[in-house]
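The values are calculated or read from the model by the stated rules, or taken from the named source; none is laboratory data. Keep in mind that what you see is a predicted model, and the values were worked out from it rather than measured. Because the Cβ atoms are built from the backbone with ideal geometry, glycine has one as well, and the counts that use them run over all protein chains shown. Heavy atoms of the whole protein, side chains included, go into the accessibility calculation; ligands, DNA and RNA do not. Shrake-Rupley method; radii C 1.70, N 1.55, O 1.52, S 1.80 Å.
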Amino acid sequence: MRNRVRRLVIAGLLAGAATPALAEDGATVAVRFGQLEAVRQMALSPSGRQVSYIANIGNGAQVLYVVDLAAGGTPKGILKQTIPEETLHGCTWGSEEVLVCYIDMHSRASGQAIAASRLLSVSSDGKSVNMLTGDYSQARYALTARYGGEVIDRGGEDGRVLITRMFLPEDRGAGSNIASADYLGLGVESINLKTRLRTTVERPREEYSEFITDGHGNIRISARIEDNATALKSWTRHYFYRKPNSRDWFGMSTVTRDADGLYSGFDPYAVDAASNVAYGFDSNDGRRALFTMALDGSGKRELVLARPDVDVNGLITIGRHHRVVGASYATERRISDYFDPEISKLAQGLHKALPGQPLIDFVDASGDEGKLLLFAGGDTDPGTFYLYDKESRQLGQLLPVRPLLAGQTLAPMKPITFPAADGTQIPAYLTVPVGSSGKGLPAIVMPHGGPATRDEWGFDWLVQFFAARGYAVIQPNYRGSAGYGAEWFRKNGFKSWRDAIGDVNDAGRWLLREGIAAPGKLAAVGWSYGGYAVLQGQVLDADLYKATVAIAPVTDLALLKFEASSEWNADAFERFIGSGPHVTEGSPALNAARFKAPVLMFHGDHDMNANVEQSRHMANSLRAAGKSVELVEYPGLTHSLVSSAARVDMLTRADAFLRKALGIAP
């Protein structure tokens with residue numbers, strides 16, 4: 001590959017130059033970092049001639065654009081989403097003329113936030129928009145009707161896609177070729193996107209929960225849940241497979257999630273039609289690893305990729321047929337191991353051509369894989385979409401994700417380890433302001449959410465904002481994080497909260513001990529479980545932090561279990577949180593009297609992950625205990641606060657709050 005990138009013409013993009021943020025006030029910097037991505041998602045048409053992308057245009061609205069790269073590259077808006085409670089989440093090309101798009105919907109009723117999804121088709125010229133999800137407006141099965149289906153196969157060459165659908169008794173006569181009125185459950189339809197004719201290809205069953213195809217229009221794997229309390233408590237899934245050219249189901253594997261949230265059993269993710277195997281993950285010496293399982297009746301399994309230090313947890317596929325080409329895992333950085341020789345060689349060339357953007361993902365491909373849509377970024381680069389043409393060996397730059405940060409010098413994220421109180425080395429990432437000595441700084445401990453996730457190396461808008469404002473930021477992958485195996489996961493971050501929160505607080509002590517954090521200038525900021533962690537950090541050591549910012553936190557474990565009691569997986573959630581003294585001792589809202597540092601919280605009132613009542617309860621408890629607390633609520637927003645206005649406001653308020661508490665000049 002030539003070590004040169006040419007710019008493809010896509011006119012009318014948002015663009016902006018930036019100046020060093022430290023010379024600006026907090027509100028100005030917040031505008032730059034708090035803005036949502038200019039490009040939310042991008043896809044490539046089967047011919048490779050057209051690309052589509054979703055742009056955030058402010059006030060919670062999005063526009064779907066289509067660009068004909070061979071005809072001047074001018075974006076054409078074909079669909080605009082302006083309803084605040086609905087989000088245009090993503091689109092994929094079902095055919096050269098029609099896209100299929102996902103709509104996320106949310107609302108609040110009777111004190112509970114409710115989420116739903118819908119599918120619609122959009123012609124590439126924008127003249128035809130049709131709902132693909134069934135009409136559930138009169139459905140008696142409210143929980144079931146939330147799911148709008150998804151595209152599971154777009155390998156057909158005649159404008160057909162396979163889409164999952166939740167069938168309800170009310171569906172009879174609604175275009176399905178099933179005549180019986182007593183069916184209910186997940187099934188699969190084949191939809192001709194040109195004529196919109198639908199054919200049921202997999203009759204629904206109430207116990208179906210998932211289908212996997214071979215990427216060529218054939219359903220090869222199904223998952224079922226047992227209709228009994230034991231299965232729901234353990235989240236048991238039974239997987240079945242089909243042999244080539246057969247409609248019969250054969251037993252494949254059983255996957256269980258135990259009371260602590262750990263999975264066991266071969267969990268299939270994709271089918272390779274050529275070799276007639278399924279790729280999936282299973283435990284191997286206490287960590288997740290990638291295996292194949294033969295689909296010929298032999299049940300033969302082979303280990304494909306394993307690591308002694310971290311989980312292998314990413315499957316890399318390319319193109320409309322979901323061809324498996326590799327797997328990935330995260331050590332200090334996310335590493336991709338490509339099995340396909342051609343893709344491996346290409347990846348090496350891309351790394352040379354894009355040295356400042358080491359994180360490369362293959363996003364989409366043309367039908368013949370002659371053109372590849374990819375995304376590249378890094379810790380100091382928010383990322384850019386590119387198009388690679390195999391025939392010409394040309395790499396063309398398409399769109400930057402965050403043009404407002406163009407020219408902004410961002411702070412490198414450095415992988416480190418620090419010792420916990422018991423001597424265990426805790427992996428973490430440290431980011432210090434550009435141009436600083438790295439010593440004597442105001443500093444922030446920022447634990448990740450989940451807790452069953454982990455932080456990874458790469459661009460993080462929240463971290464970069466605080467670094468731009470002069471703070472050092474440490475992100476600990478505390479015990480209770482996922483990705484490091486079962487022993488590191490412990491009994492999850494709620495049951496084993498003392499381990500998790502202890503590691504988080506030890507990150508702060510390390511900053512002080514190393515002189516990175518100036519005495520009296522240490523704060524904690526966290527989102528979701530991270531918000532819980534920074535609040536509970538005060539319960540464990542009220543003198544460590546001088547200020548705490550919690551975004552969408554959990555604050556009362558008993559309340560969390562109660563909020564989940566109406567969901568289908570309530571029993572499993574009950575076991576995940578558990579019962580005993582840790583529920584009270586591990587709930588910051590029930591230990592408000594121990595707090596010393598002021599608290600600032602932010603929460604969207606449509607949050608489906610952590611109900612806004614969690615923050616309200618925490619605020620009331622702190623006020624009753626005579627503590628300093630402020631709660632900012634954002635009406636109509638969900639857990640991630642997907643709103644530029646809200647994020648800018650949150651960053652501005654948080655920065656001002658921390659500077660006042662830590663005694664830093666505005």
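Brief remarks on what is shown
- Here region 343-379 is the region considered, the condition is being polar (S, T, N, Q) and in a helix (DSSP H, G or I), and the residue that is surrounded by the most Cβ atoms within 10 Å (Cβ to Cβ) is S344.
- Checking the stated criteria, K414 turns out to be farther than 30 Å from P75 by Cβ and surrounded by fewer than 22 Cβ atoms within 10 Å (Cβ to Cβ).
- Selection of region 219-243 for residues being open to solvent by 60 Å² or more (accessible area, probe 1.4 Å) and modelled with pLDDT under 95 yields E226, D227, N228, T230, K233.
- Count of residues meeting criterion [open to solvent by 10 Å² or more (accessible area, probe 1.4 Å), in contact (Cβ under 8 Å) with a residue 40 or more places away in the chain and more than 14 Å from E514 (Cα to Cα)] in region 434-447: 3
- Subset tally (residues that are over 22 Å from the mean Cα position of the chain (by Cα), under 30 Å from E487 (Cα atoms), part of a strand (DSSP E or B) and charged (D, E, K, R)) for region 234-276: 1
- Filter pass, D571 being more than 23 Å from A593 (Cβ to Cβ), touching a residue at least 40 places away in the same chain (Cβ under 8 Å), in contact with a Leu (Cβ under 8 Å, 6 or more places away or on another chain) and not hydrophobic (A, V, I, L, M, F, W, C): yes
- Per-region count, region 260-284, residues open to solvent by 20 Å² or more (accessible area, probe 1.4 Å) and closer than 21 Å to K495 by Cβ: 5
- Any chance V539 is β-branched (V, I, T), open to solvent by less than 40 Å² (accessible area, probe 1.4 Å), touching a residue at least 60 places away in the same chain (Cβ under 8 Å) and within 14 Å of S621 (Cα to Cα): no
- When residues of region 633-649 are limited to those that are of a type in the set (A, V, I, L, M) and touching a helix residue (DSSP H, G or I) at 6+ places or on another chain (Cβ under 7 Å), the one least open to solvent (accessible area, probe 1.4 Å): L641
- Looking only at region 460-491, residues that are touching an Asp or Glu at 6+ places or on another chain (Cβ under 6 Å) and closer than 20 Å to R647 by Cβ come to 2 in all.
- Hits in region 406-421 (condition: at pLDDT 95 or above and in contact with a strand residue (DSSP E or B) (Cβ under 9 Å, 6 or more places away or on another chain)): L410, A411, P412, M413, K414, P415, I416, T417, F418, P419, A420
- Subset of region 158-197 that is among the charged types (D, E, K, R), open to solvent by 60 Å² or more (accessible area, probe 1.4 Å) and at pLDDT 65 or above - its residue that is farthest from L120 (Cα to Cα): D158
- Filtered residue count, region 78-110, keeping only those that are touching a Leu at 6+ places or on another chain (Cβ under 7 Å) and either open to solvent by 40 Å² or more (accessible area, probe 1.4 Å) or closer than 16 Å to Q41 by Cα (or both): 12
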